[in-house]
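Read the structure below first, then the notes.
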Amino acid sequence: MSRPHLSRQPVFVDTSVLVSAEDTSDPAQAAVLAWLDSLWRERLGRVSSQVLAEFYETVTVQRQRPMPQGDARAAMRRYQTWTPWQIDAATFETAWAVEARHQLAWGDCLALAAAQHSGCETLLSLQLPHGAQFGGVQIIHPVQQGLEP
């Protein structure tokens, strides 16, 4: 079975993927970097302000070996070119609906809602179950579904 090519549709990227991209000890890093490289080349990556805030907090505070703040800020500045979705009242309403229906963690509900509002049918995640669909957004685990070269 061949691996799928990246479609021309935007792909929402969650916090776990951004963190993995910066973690050389993460076994998922190679697959994550392949996905991110493709998203950069095709200009199809999407994030939200919430994902970037979680990324910064995770890599500068929550990790055993924190990333220098300047490096984390530089990474966030790069992702700003993906025009992050700004969490608004409509996004909260969508996230609450996802939460009520699927009982997911609140951060995952916000990411799914932001993906929907960003026009993404796909969310790249290391934490949500590969192949699952939530509110019309399909989850892709970058290790379980790679890209053709």
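Among the residues of segment 50-80, write down those that are surrounded by fewer than 17 Cβ atoms within 10 Å (Cβ to Cβ) and of a type in the set (V, I, T).
Correct list: T60, V61.
Take C109 and decide whether it is outside any helix (DSSP H, G or I), touching a residue at least 12 places away in the same chain (Cβ under 8 Å) and buried (at least 18 other Cβ atoms within 10 Å of the Cβ). Write out each step before concluding.
Numbers: outside any helix (DSSP H, G or I): no; touching a residue at least 12 places away in the same chain (Cβ under 8 Å): yes; buried (at least 18 other Cβ atoms within 10 Å of the Cβ): yes.
No.
Is it the case that segment 47-61 has a residue that's assigned to a loop (DSSP other than H, G, I, E, B) and modelled with pLDDT of 95 or more? Lay out the reasoning, then the answer.
Initial filter on segment 47-61 (assigned to a loop (DSSP other than H, G, I, E, B)): 47.
Now narrow it down to the ones that are modelled with pLDDT of 95 or more: 47.
Yes, some residue in segment 47-61 is assigned to a loop (DSSP other than H, G, I, E, B) and modelled with pLDDT of 95 or more.
Test of understanding: among D108, D88, which residue is under 17 Å from V19 (Cα atoms) and of a type in the set (D, E)?
D108 is the lone residue from the list that is under 17 Å from V19 (Cα atoms) and of a type in the set (D, E).
Taking segment 131-149 only, how many residues are out of contact with any strand residue (DSSP E or B) (no Cβ under 6 Å at 6 or more places or on another chain) and free of Cβ contacts under 8 Å to residues at least 40 places away in the same chain?
Within segment 131-149, residues that are out of contact with any strand residue (DSSP E or B) (no Cβ under 6 Å at 6 or more places or on another chain) and free of Cβ contacts under 8 Å to residues at least 40 places away in the same chain number 7.
Within segment 122-137, track down each residue that is crowded, with 16+ Cβ neighbours inside 10 Å and part of a strand (DSSP E or B).
Those that are crowded, with 16+ Cβ neighbours inside 10 Å and part of a strand (DSSP E or B): T122, L123, L124, F134, V137.
Considering (1) crowded, with 19+ Cβ neighbours inside 10 Å; (2) more than 22 Å from L112 (Cβ to Cβ), say which one V11 fails and leave the rest.
All conditions are met except number (2).
Evaluate the following for G119: is it on the phi > 0 side of the Ramachandran plot and surrounded by 15 or more Cβ atoms within 10 Å (Cβ to Cβ)?
So G119 fails the test.
For E121, state whether it is within 22 Å of A34 (Cβ to Cβ) and charged (D, E, K, R).
Against the criterion (within 22 Å of A34 (Cβ to Cβ) and charged (D, E, K, R)), E121 qualifies.
Do you know which residues across segment 89-104 are surrounded by 12 or more Cβ atoms within 10 Å (Cβ to Cβ) and either among the aliphatic types (A, V, I, L, M) or not in a helix (DSSP H, G or I) (or both)? Explain how you work it out, then say what you get.
Filtering segment 89-104 for residues surrounded by 12 or more Cβ atoms within 10 Å (Cβ to Cβ) gives 91-92, 94-99, 102, 104.
Residues satisfying the conditions are A95, A97, V98, L104.
Return the residues of segment 62-80 that are in contact with a helix residue (DSSP H, G or I) (Cβ under 7 Å, 6 or more places away or on another chain) and not in a helix (DSSP H, G or I); say none if nothing qualifies.
Answer for segment 62-80, where residues must be in contact with a helix residue (DSSP H, G or I) (Cβ under 7 Å, 6 or more places away or on another chain) and not in a helix (DSSP H, G or I): P66, M67.
The values are calculated or read from the model by the stated rules, or taken from the named source; none is laboratory data. The structure displayed is predicted, hence computed values, not measured ones. Cβ: placed from backbone, ideal geometry, glycine included. Neighbour counts: every protein chain shown.
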